[in-house]
Amino acid sequence: MEVLRVQRVASESKDASIPAMFVRSETEQPGITTVQGVNLEVPVIDFSNPNEEKVLREVYEASKDWGMFQIVNHEIPSQLISNLQGVGKEFFELPQEEKEVYAKIEGSESLEGYGTKLSKEMNGKKGWVDHLFHVIWPPSSINYRFWPKNPPSYREVNEEYSKHLRGVVEKLMKSMSIGLGLEENELKEYAGGDDMIHLLKINYYPPCPCPDLVLGVPQHTDMSYITILVPNEVQGLQAFRDGHWYDVKYVPNALVIHIGDQMEILSNGKYKAVLHRTTVKENETRMSWPVFIEPKGEHVVGPHPKLVNEDNPPKYKTKKYKDYAYCKLNKIPQ
């Protein structure tokens, strides 16, 4: 049975009509629920600042008060990021049957592969997005079956990006650890150390005749510890702040950092997972490249023991990550 892909729906949607399955209720439609004309200026942190105390403080405060921030001067070469975007775009421009070779395996618990539907959709509504998931680190967890062979440089570019990204993860984890009053390596070690999975997702949001009625991805928090995202220049990321939805200001050459559910749990609520969603455009294709830094499925996540005491009891259950993910994707209360 042929799977319906949003890219195909988009190419066949004419004269401002789209299938009803994509039209959101009025309480979700971005045309109604977005604060217009205001870009949310989330904290921008200069990662190259020689004043390490300042960087530490900024990462801590942004993780606590915002759940998201952007980092600049992160030492990932801009040409490498361009190459990452280039090979991803080329993959999504391949003929449909070539992309389907990498389709998610039906019935698999893994998210890896090319697909459209991700989590259980409430009210049968669908997001205006296709995606490709695959692990880029550690090597023992990589399944190259889901890495496109076309364009030919895809693997080389993604491996190079993965190498640079690990330095960013290391610095973020150290900063967040110290911010919580832990030793610099304690947070990372408790989170799974060098076994933490780096799961890349490429989001492809084709143009939509009715962008005010649909969402690329509906509101959610990420399941990860942290998410490190490369956007393209097309505006689309929104965050929920003070009871309203805002467009997040695009900062060229910045990496967008989201605090995810596992970090909120691990920090016993000190750091906050950010509620966010994505919108689409009428005449432009939006793409993004988030990498989810997450534990292995069997890894048990709960509040760090040093952050729990009589005055500050655990606010979250301790459970295997795979059990957490299953409940989240199937909309089962944790």
Between E53 and E183, the FRET efficiency computed from the C-beta separation at R0 = 22 Å comes out, to the nearest 0.05, as 0.85
Relative contact order, percent, of segment 183-264 when contacts are C-alpha pairs under 8 Å separated by at least 6 residues? 32 percent
Loop only by DSSP, 14 or fewer other Cβ within 10 Å of the Cβ. Give me the trypsin sites (Lys or Arg not before Pro) in segment 149-183 that pass, ordered by residue number. K149
Portion, in percent, of the accessible area of segment 243-307 that falls on carbon or sulfur, probe 1.4 Å: 50 percent
Going 7 Å from the Cα of D323 along its beta-carbon direction, which residues of segment 220-248 have the amide nitrogen within less than 13 Å of the resulting point? none
How many angstrom separate the Cα center of segment 54-122 from the Cα center of segment 132-162? 12 Å
Quick one: angle between helix 52-65 and the longest Cα principal axis of the chain, in degrees between 0 and 90, rounded to 10, please. 60 degrees
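Net charge near S224, counting Lys/Arg +1 and Asp/Glu -1 over other residues with Cβ under 13 Å of its Cβ?
Working: positive: K201, K296, K328; negative: D222, D261, E264, E294.
Here the charged neighbours net out to -1.
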Which whole-Hz couplings ³J(HN,Hα) result when phi for each residue of segment 220-231 is put into the Karplus expression 6.51 cos²θ - 1.76 cosθ + 1.60, θ = phi - 60°, listed in order with x for Gly and Pro? 6, 10, 6, 7, 6, 5, 9, 10, 10, 10, 9, x
Taking only protein heavy atoms and a 1.4 Å probe, what accessible area per residue, in Å², does segment 142-249 have with all protein chains in place? 38 Å²
Computed FRET value (nearest 0.05) for N150 with E109, which takes r as the C-beta separation and R₀ as 30 Å: 0.65
For the chain, longest principal axis from Cα atoms; helix 78-92 axis from its Cα atoms; angle between them, nearest 10 degrees, is 40 degrees
Match the structure shown to one of the listed values (1) 156; (2) 138; (3) 127 of volume of the Cα convex hull per residue in Å³, computed from it, and give that label. (2)
In a Gaussian network model of the chain with springs linking alpha carbons closer than 10 Å, the residue among D65, D46, D242 that fluctuates most is D242
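The values are calculated or read from the model by the stated rules, or taken from the named source; none is laboratory data. What you are looking at is a predicted structure, and each value in this text was computed from that prediction instead of being measured. Heads up, the Cβs are rebuilt from the backbone with ideal geometry, glycines too, and the neighbour counts pull from every protein chain shown. Surface areas here come from the heavy atoms of the whole protein model, side chains and all, with no ligands, DNA or RNA. Shrake-Rupley method; radii C 1.70, N 1.55, O 1.52, S 1.80 Å.
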